[in-house]
Every structure is written in C-alpha cells, then in structure tokens.
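Encoded as structure tokens, the structure appears first; notes follow it.
The values are calculated or read from the model by the stated rules, or taken from the named source; none is laboratory data. Nothing here was measured: the structure is a model prediction, and the numbers come from that model. Note that each Cβ is placed from the backbone with ideal geometry, even for glycine, and that neighbours are counted across all protein chains shown. Accessible surface is based on the protein model in full, side chains and every heavy atom, while ligands, DNA and RNA are left aside. Shrake-Rupley method; radii C 1.70, N 1.55, O 1.52, S 1.80 Å.
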Amino acid sequence: MGRIFLVTGGARSGKSSFAEQLVAGLGTEIAYIATARPFDGEMADRIARHRLQRPASWQTFEAPERPSAVIAEQGQCCDAILLDCLTVLTTNRLLLHDIDWDQPPLNRLAEIEAEMLAEVEALCLAAEQGRADLVAVTNEVGCGIVPASPMARFFRDCAGRVNQRMAAVATEVYWVVSGIPVRIKGG
C-alpha cells in the first residue's frame, strides 16, 4: 500500500524542488506525472526548466487531465510517483468546460467541481492500491485576497477543496515557504 505525501505552498516557494528531493529518497524507480501544457512560450520554457531539474532515469508521463490512470498503471511498477501539480490539473479540468463566467450556472459549477473531486478520489484510491508512494505538489491559493472574477473565485474554491481532500488522506503534508519545507502533518 503506497503512502501519499502532499507538498503545498505559494508560487515559486520551492515546492517542486523539495518534492523532487522527497521522491528521490523514496526509491530509484521514479515515475513523474506532468500536468502542465505548453500553451505559450513562457509555459514551454517553464516545462523545459523542470525537465532539466529531473534525473534522466525518471520516466515522465504527461497526464494533464487524468493522472489517476497513470498512478493506477505505474503504482505497481515503480517505487514512487511524483505528480506535479494538482492546481494545474484543476485548471486543465476547469478549462474543459465552456462556461459563461459573467453568469456562471451554479448547477454546472457544482458538476465541474464534482468531476474534479472524483478525479482526486480516483488518484487517491490508485495510490492506496499500489505499492508506490505518491508525492503530490499543489499550490496554496487561499492566502490572498478574494478574487474579483467569478472564474478565479471558483478556481480558488475548487483548488482549496482539492487540497483539503489530499491533505486529509496524506500520510505527511509539507508547507514550503521561501524554499524551506515545514512538515505540518505526519512524521
């Protein structure tokens, strides 16, 4: 049965670097699940820099919408899996839906969030059923002001609930601030 580790923090806090160190200490056979899409030059550059940071021996899987399938498949074959990141996954899933954000239908928003949380449940179940440990990276988006737009508020709320669910099942949770990881659960 694999353990779940959650690494959270703000933008550019050092979350991914810490998660890479953490997962490297869990074994030698590592699967890396990337959720980012290179939708512009800046994102393509960011993805390229992340690739250079990772050891060449890690096997990379691109799963922008359904990482649970990769976790289910690879969870028996490797020592650890690094999923980077849940907030990008939340964005990807959100953008699958054509919504008028000036007048968002509340029932559709509930359906979209339920779909996202179902994916989180699926990836937690896949991790728990596999032998590999899962290290999931996420952004803490709830520490700032209330966003002005309905889409940004929905994203913040959905990401917050995703993070709460992952933290609830995680064996260990780390908060990374200015490159310094602080264990806030487990250990």
Of 31, 110, 72, the one that fluctuates the most in a GNM where the chain has Cα springs shorter than 10 Å: 110
Calculated FRET efficiency for the pair residue 110/residue 79, C-beta based, R₀ 41 Å, to 0.05: 0.60
Assigned charges on the beta-carbon of Lys, Arg, Asp, Glu; the chain dipole about Cα centre (debye): 560
Charge dipole (debye, nearest 20) of segment 121-187; +1 at Cβ of Lys and Arg, -1 at Cβ of Asp and Glu: 140
Spin-label proximity, residue 97 to segment 109-153 - amide N less than 11 Å from point 7 Å beyond Cα toward beta carbon: 109-117
Protection-proxy order for peptides 3-11, 32-40, 93-101, each taking the mean of Cβ atoms within 10 Å per residue, highest first: 3-11, 32-40, 93-101
Percent carbon-and-sulfur accessible area, the chain, ignoring ligands, DNA and RNA, probe 1.4 Å: 54
Amide N of segment 69-100 lying under 17 Å from the label point, which is placed 7 angstrom from the Cα of residue 53 along Cα→Cβ: 81-89
Segment 53-114 - charge dipole about Cα centre, Lys and Arg +1 at Cβ, Asp and Glu -1, debye rounded to 20: 200
Residue of 112, 71, 81 that the Gaussian network model of the chain assigns the largest fluctuation, springs spanning Cα pairs under 10 Å: 112
Over segment 1-88, volume per residue of the alpha carbon convex hull, in Å³: 94
Segment residue 65-residue 145, extension gain: residue separation times 0.36 nm, minus the distance between their alpha carbons: 26.0 nm
Degrees separating the helix 41-53 axis from the principal Cα axis of the chain, which is the longest one: 20
Rg over Rh [alpha-carbon atoms, Kirkwood Rh] for the chain: 0.95
In nm, spacing of pseudo-spin labels at residue 121 and residue 17 (7 Å Cα→C-beta vector): 3.8
Heavy-atom accessible area per residue - segment 16-63, 1.4 Å, Å²: 58
